[in-house]
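The values are calculated or read from the model by the stated rules, or taken from the named source; none is laboratory data. Computed from a predicted structure; not experimentally measured. Note that each Cβ is placed from the backbone with ideal geometry, even for glycine, and that neighbours are counted across all protein chains shown.
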């Protein structure tokens, strides 16, 4: 089962990187994000079990609850940032993928330039999980 999950995670990041360089989640409307994710990531589903009155976001989780993706939205429901959390069992694969796909910009930091815009990617190691953040600089 472990190899299958690693492939799903790598697929997730490949699709996110394709979206960043072309059809980008950042700037996308909530409805378009939901349709795109439903098509590209059938193992992810919307999670409406919690509510937060401070942030406007779309929360998606995978079937085994090993991964969570948050799409932070502006007041007009446009994506401004993507935050993805995962179990540490995936850290090596993800770090390797980030090193290959993006330009290293420091410890646990990468950048990606496309369409005249610069996107930052950071990896934060928490106690029980790690987090990847995608945002426009």
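For this structure, a couple of remarks:
- Here residue 119 qualifies as under 15 Å from the mean Cα position of the chain (by Cα) and over 18 Å from residue 44 (Cβ atoms).
- Listed by position, the strands (runs of 3 or more DSSP E) enclosed by region 43-137 that each have at least 1 residues that are in contact with a strand residue (DSSP E or B) (Cβ under 8 Å, 6 or more places away or on another chain) and in contact (Cβ under 8 Å) with a residue 60 or more places away in the chain are 79-86, 109-114, 117-125, 130-136.
- Only listed residue being closer than 23 Å to residue 137 by Cα, surrounded by 13 or more Cβ atoms within 10 Å (Cβ to Cβ), more than 12 Å from the chain's Cα centre (by Cα) and at pLDDT below 85, chosen from 21, 17, 32: 21
- Filtered residues of region 96-137 (kept if more than 21 Å from residue 25 (Cα to Cα) and surrounded by 15 or more Cβ atoms within 10 Å (Cβ to Cβ)): 108, 129
To keep it simple, each residue is scored yes or no on (1) touching a helix residue (DSSP H, G or I) at 6+ places or on another chain (Cβ under 9 Å); (2) modelled with pLDDT under 95.
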| residue | (1), (2) |
| --- | --- |
| 82 | yes, yes |
| 85 | no, yes |
| 97 | yes, yes |
| 108 | yes, no |
| 116 | no, yes |
| 119 | yes, yes |
| 125 | yes, no |
